[in-house]
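Q: One structure, pasted below without further comment.
Here, each number is a calculation from the coordinates, and none is a lab measurement. If you're wondering where the values come from, they're calculated on a predicted model, not measured in any experiment. FYI the Cβ positions are ideal-geometry reconstructions off the backbone, even for glycines, and counts take in every protein chain you see.
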Amino acid sequence: MEKNQPGALSERARESLLGMIKEEQRKSGYISEEAMAGIAESLALSVGDVYGVTTFYSFLSTQPLGKHVIRICKGVPCFLQNAGMIIESIQEALGIGPGETTADGRFSFELTNCIGACDQAPAMLVDDEVHGHLTPEKISEILKSYD
Amino acid sequence: MPEKRILLKNCGKIDPGDIQSYEGQGGFKALEKALGMSPDAVIAEVKASGLRGRGGAGFPCGAKWELARNAQGGEKFLICNADEGEVGTFKDRYILQHDPFSLLEGMAIAGYAIGSKKGYIYLRAEYHYLLKGFTKAISQCREKGYLDDLDLEIREGAGAYICGEESALMNSIEGKRGEARFRPPFPPTSGLFESPTIINNVETLVNVPHIIQNGSEWYRAMGTKESNGTKLFCVSGDVERPGIYEMELGCDLKELVKDLAGAKEIKMVQVGGSTGRIIPGDMLSTPLAYETILGSGAVMVFNESRDVVDFVYRTMEFLNEESCGKCTPCREGTEVMVEVLGRLVNGEGVEEDIPVLEELGQVMKLSALCGLGQTAPVPVLDTLKYFRKDYENRISQSVFLRGLKTVNG
């Protein structure tokens, strides 16, 4: 990437910042300190600026994540439809709690706020896919489909 | 009042992957008609229709467009807010999935009316699975020449509830932290990159082709004095048939949740999302309109078995987590509310907790920077009004538990 001193580019240049961070996450699975420094240099921003944006958004991670990321919705409509049971099933199936990654690096498990699938509650996202009307019985089938 | 499918008329009928099926239902006729009118005439029609913002705030759409049209400054921007993060809301997702062309036709008309050549669609990260289909819809519109005058770009969020708030959304597009901005200036005069900007919700824009095609008089005939047209309601929670129901504004909440969605033994309903008003079960005969209660269109139903304080605590935890942290009343206010409600939930409540919640709630309403902080205390204050006994019981339980501890040493 091109190197630029902080402040060397126009204010509009940082418009591409969030997209670049997301691309890095997609490519490497997380945003390392080196990646942040590289992005900062190319957009003529301080590393602090890039860090500030990266840590603001819940879908961005500064720690390595598993190959697949499970995000169980903890919104009120899902909670009313027993999301708690789904959280327990995932915990049992994977042997990890929210915010953790399996030892084999296959899954990371997180709780997330409303994913807009309240009509299919309880619901979760695995990577970019929605799984709705969840029951504890369905969990192992779903997990099996992600290698 | 039965369902009235106007905004949803194409959903399930057209193939969202084929523009010809939309054209076959009369699609893009409204754009053609709009292009034959002057931009001022388009704005006048939307103004006369009484259309108000469907994202929750309810600002008159035509008046907003007029401000942007008349604003000085070079480039003007049009932003479609598809960051549907409000808890219990999924109507925009449904439109994007089943009828993306209606939204794009609405955007083309809006761009023409305000004089914008550049438009953004801000899509929440949680809806990434909609990106492919929606991108295809945009390219089909481009090929057909419907977007010749409006360069559209999709920007994806990265997981932040606050980015549905318009000033935070603009910061996010600019590559900044999604923090709310001080206002004024308001977006129609100085918004994205300090240029005049119009930000409309998906549902608001989908109304536009119908207004242009059928006229403002037809539109005004639906709804109440201050709330015209239909509204998409997202019903969830303790109901037999959760889903989206399109109803004329002013319709009865009781009919929606009981007759249509099949709710039974209702303790309360929250209307408008996580910071929406609470309606207790014995007050369900309430019209849904801007004059009364509306918000984003989220309708969450709680049956008699639900615990009020538990629900309010969960909601406050969510708001605390999603507060952008820029202003003190919201950042610290939600923090303290989580602490106090947490005490009640864990059986450690004290007598002073209720007056503390009430006083703090008033302060947040008056002094927070944006809608999130200003409305964060609403579920607390509303439940204190209607379900005070539940809070008092929690405190007496706490007192009792402490007494036991003392006795047992």
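Q: Under 1.5 on a/c is rounded, so check that first for the stretch B:270-409, then, if it is not, pick prolate when a/b is larger than b/c and oblate when it is not; a ≥ b ≥ c are the square roots of the alpha carbon gyration tensor eigenvalues. Mind showing how you got there, number by number?
A: Numbers: a/c = 2.37, a/b = 1.38, b/c = 1.72.
Oblate.
Q: When the Kirkwood radius is taken over all Cα pairs of the stretch B:281-357, what Stokes-Einstein diffusion coefficient follows at 4 °C and 1.567 mPa s, in µm²/s?
A: 88
Q: Let me ask another. Is there a simple number for the mean count of other chain Cβ atoms within 10 Å of the Cβ of residues in B:392-403, and what is it?
A: So the per-residue partner count for this stretch is 0.
Q: Same structure again: Mind grabbing the base-10 log of I(q)/I(0) for the protein assembly as shown at q = 0.06, 0.10, 0.11 Å⁻¹? Debye formula, identical points on the C-alpha positions, no solvent, two decimal places.
A: For the protein assembly as shown at q = 0.06, 0.10, 0.11 Å⁻¹, log10 I(q)/I(0) is -0.30, -0.86, -1.05.
Q: Moving to a separate point now. State, as an integer percentage, the relative contact order of the stretch B:308-408 based on alpha-carbon contacts under 8 Å between residues 6 or more apart.
A: RCO, the stretch B:308-408: 33 percent.
Q: While we're here: Helix B:353-367 sits at what angle to the longest principal axis of chain B, using alpha carbons and giving 0 to 90 degrees rounded to 10?
A: With both axes taken from Cα atoms, the answer is about 30 degrees.
Q: So how tilted is helix B:100-114 from the main axis of chain B? Cα-based, degrees 0 to 90, rounded to 10.
A: That works out to roughly 70 degrees.
Q: Still on this structure: Give me the Å³ per residue figure for the convex hull around the C-alpha atoms of the stretch B:95-234. Working shown, then result.
A: On the way: hull volume 18.8 nm³, N = 140.
Per-residue hull volume (Cα only) is 134 Å³.
Q: Next question, about the same structure. Just to confirm the number: angle between the C-alpha axis of helix B:388-408 and the first principal axis of chain B, 0 to 90 degrees, nearest 10?
A: Tilt relative to chain B: about 40 degrees.
Q: Shifting gears a bit: To check you understand DSSP bridge types, tell me what percent of the beta bridges within chain A (both residues inside) are antiparallel, rounded to 5.
A: Restricted to chain A, the bridges split so that about 55 percent are antiparallel.
Q: Express the Stokes-Einstein translational diffusion coefficient of chain A in µm² s⁻¹, to the nearest whole number, given a Kirkwood radius over alpha-carbon pairs, 4 °C and a viscosity of 1.567 mPa s. All intermediate terms of the calculation are to be shown ahead of the outcome.
A: Values: Rh = 16.7 Å.
Here the translational diffusion coefficient equals 77 µm²/s.
Q: Right, another one. Highest first, please rank the peptides B:369-375, B:330-336, B:36-42 by the mean number of other Cβ atoms sitting within 10 Å of their residues.
A: Ranked from most to least packed, the peptides come out as B:369-375, B:330-336, B:36-42.
Q: Here's another thing I want to ask about it. Can you bin chain B into rounded, prolate or oblate? Criterion: square roots of the alpha carbon gyration tensor eigenvalues sorted a ≥ b ≥ c, rounded for a/c under 1.5, prolate for a/b above b/c, oblate for the rest.
A: Cα axes put chain B in the prolate bin.
Q: In the protein assembly as shown, what % of DSSP beta bridges are antiparallel (nearest 5)?
A: Bridges in the protein assembly as shown that DSSP calls antiparallel: roughly 50 percent.
Q: Further, regarding this structure: Return the inverse of the average 1/r over all pairs of distinct C-alpha atoms in the stretch B:1-126, which is the Kirkwood hydrodynamic radius, in Å to one decimal. Provide the component values of the computation, followed by the final result.
A: On the way: mean 1/r = 0.0630 Å⁻¹.
It is 15.9 Å.
Q: In addition: What average count of beta carbons from other chains do you get within 10 Å of the Cβ of residues in A:46-54? Don't skip to the answer; put the middle values down first.
A: Values: counts 0, 0, 0, 3, 1, 0, 3, 7, 2.
Whole-number average of other-chain Cβ neighbours for A:46-54 is 2.
Q: Across peptide B:313-323, what mean number of C-beta atoms from other chains lies inside 10 Å of a residue's C-beta?
A: 2
Q: Based on other C-beta atoms within 10 Å, arrange B:E45, A:E92 from fewest to most.
A: Least crowded to most crowded, the residues run A:E92, B:E45.
Q: Counting helices only, and only those DSSP H runs with n ≥ 4, report the 222 nm mean residue ellipticity of chain B as the sum of -39,500 (n - 2.57) divided by its residues, in deg cm²/dmol to the nearest 500.
A: Mean residue ellipticity at 222 nm (helix-derived): -13500 deg cm²/dmol.
Q: Additional query: For chain B, what is the relative contact order in percent, using Cα pairs closer than 8 Å and at least 6 residues apart in sequence?
A: 17
Q: Now a separate question. Highest mean first, how do B:88-99, A:25-36, B:20-31 rank when packing is the count of other Cβ atoms within 10 Å averaged over residues? Mind dumping the intermediate values first?
A: On the way: B:88-99: 25.2, A:25-36: 15.2, B:20-31: 17.0.
Result, highest mean Cβ count within 10 Å first: B:88-99, B:20-31, A:25-36.
Q: Compute the Cα gyration tensor for the stretch B:188-332, then decide on rounded, prolate or oblate, letting a ≥ b ≥ c be the square roots of its eigenvalues: rounded whenever a/c is under 1.5, prolate when a/b is larger than b/c in the other cases, and oblate in all that remain.
A: Note, shape of the stretch B:188-332 comes out oblate.
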